[in-house]
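Notes follow once the structure below has been shown.
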Amino acid sequence: MRLLGELESRIMQLLWRREEPATVRQVHDELARDRDVAYTTVMTVMERLWRKGHLTRTARGRAFAYAPVMSEAEYTAKLMHDLLVGTRDRGSALAHFVRGMRRSDEAELLRLAEEARRRRRK
């Protein structure tokens, strides 16, 4: 899985925050509050995200409504996994990752590891 570009990331963040699918118009209107971006640019980027498999789309009148295929957490986890698989030294990569964690993240990681260990035993 590839990293998203800056506008792709911004669009995905908007869609991840929504409770329902959004049209290009809705996404454009929200983006236009913070930046100067053309409607056609947003439409092109959302079409590309759909073609790459990041978004689903359904007809809504004469437009399409788009929604993320996976949650932000699932996407982040997939990126992390793909990066680990691509490295020659997983142990060092993991060690550097853990060293850079906040204490609260480290505690959560340990809790999740213990939970996974218990599940595997069953």
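The values are calculated or read from the model by the stated rules, or taken from the named source; none is laboratory data. Just so it is clear, the model here is predicted, and its values are computed rather than measured. These area figures cover heavy atoms from the full protein model, side chains too; ligands, DNA and RNA do not enter into them. Shrake-Rupley method; radii C 1.70, N 1.55, O 1.52, S 1.80 Å.
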task: At a 1.4 Å probe radius, which order do 122, 52, 78 fall into by accessible area, largest first?
output: 122, 52, 78
- request: Just read off the accessible area of residue 111 with the full protein assembly in place, 1.4 Å probe, to the nearest 10 Å².
  value: 110 Å²
- request: Multiply the residue separation of residue 74 and residue 114 by 0.36 nm, subtract the distance between their alpha-carbon atoms, and state the gained length in nm to one decimal.
  value: 12.4 nm
field: Where 30, 115 fall by accessible area, highest first, once all protein chains stay in place (1.4 Å)
entry: 115, 30
field: Largest-first principal axis extents of the Cα set of the chain (Å)
entry: 52, 32, 27
- request: Quick one: accessible surface of residue 106, probe radius 1.4 Å, all protein chains present, in square angstrom to the nearest 10.
  value: 80 Å²
message: What figure, in Å² to the nearest 10, do you get for the accessible area of residue 98 with a 1.4 Å probe and non-protein molecules left out?
response: 60 Å²
